[in-house]
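Working notes for the structure below.
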Amino acid sequence: MTNHQLRHRPESATPKRSSLSGGDRLLFLAEALRTFHDTGALAPSGPELVSALVVPVTSRPNHPISVLEVGAGTGVVTRRLVHVLRPGDRLHVVEANPRFVDRLREDPVLAARHPGIELRLSACRVEELPCCRPSVPAGAEPEEHAERYDAIVSGLPFTNFDPARVREILDLYVRLLTPGGELTYFGYLGTTTARTLTSGPRRSARHRAVVRLLRQFEAAYGLGARTVWRNLPPARAHLLRSPGGREDWATEPTGGAASVAR
């Protein structure tokens, strides 16, 4: 695993590009065709889905927050995050695909962010982060000072994974969130039917098992969901909250982002 602190460059030193350039689309499509199991889509998320995913950051407390983005891809959500974050906030981006990591490191929008926003990039799976590895013998107390996050935005294609890995990641998200911290992730509509029609019985059964697991997780922690029809393909974004109070959090939208129904 490599951990990379993205340096800030003055905004005037580099031009901003659109949230989704033609190069992003081509790179995403190439990686989807090469490694669809880990990419999970043929195109990056559209603007409305991005807005739904960043809700925990646009409705936020009045103090600096720490955000984890998992599965950043070409950075369409990452760029929105650095736009709505404030000086003093921290953003930790985790991406396992080395080609996507290279794109993120070279992204001019991320480089031109406000100098008060800390941005860190880890080239690994979220399960491989140092704070997520077993660091103590079985039966001993876990590390007390492991990093925690006020919000997690996940772009992982859960229905492409085995149920055991999905459960591991979801449990990890809960452990990484601060009490009352919020999580967003999404899934495409119609995947169960499509998988049944195009895959064998074993893959279809695995897919249904993951969907059941996600619904159980949403029943335990869910705040609501939003269906985004204007996305390719249409998707549903889910908003969840970890156990714990959030009395000091004030609803203070920073503008422009659509809310997820609660």
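Distant-in-sequence amide contacts of V228, defined by a placed amide H-H separation under 5 Å and a gap of 5 or more residues or a different chain, comprise A235, R236, A237.
Around R212, with a cut-off of 12 angstrom between Cβ atoms, what is the net charge of the other residues, counting Lys and Arg +1 and Asp and Glu -1? Net charge in that neighbourhood comes out at +3. Packing, as the average of other Cβ atoms within 10 Å across residues, places the peptides 231-241, 163-173, 63-73 in the order 63-73, 231-241, 163-173, highest first. Please give me the summed charge of the neighbours of A237: other residues whose Cβ is under 11 Å from its Cβ, Lys and Arg +1, Asp and Glu -1. Value of the local net charge: +1. Between amide H atoms placed 1.01 Å from N, distances below 5 Å from I65 occur with D89, R90, all of them 5 or more places distant or on a separate chain.
Backbone geometry of segment 97-110 corresponds, through the Karplus equation with coefficients 6.51, -1.76 and 1.60 at θ = phi - 60°, to 3J(HN,Hα) couplings of 6, x, 6, 5, 4, 4, 5, 5, 5, 9, 5, x, 5, 5 Hz, x marking Gly and Pro.
Taking 0.36 nm per residue of separation and subtracting the Cα-Cα distance, full extension of the segment from E168 to R208 would add 12.7 nm. How much net charge surrounds E48 when only the other residues with a Cβ under 11 Å from the Cβ of E48 are counted, with Lys and Arg +1 and Asp and Glu -1? After counting each charged neighbour, the total is +2.
Every number in this text was worked out from the coordinates using simple rules, so none of it is lab data. Being a predicted model, the structure only gives us computed values, none of them experimental. Every residue, glycine as well, gets a Cβ built from its backbone with ideal geometry; the counts of neighbours run over all protein chains shown.
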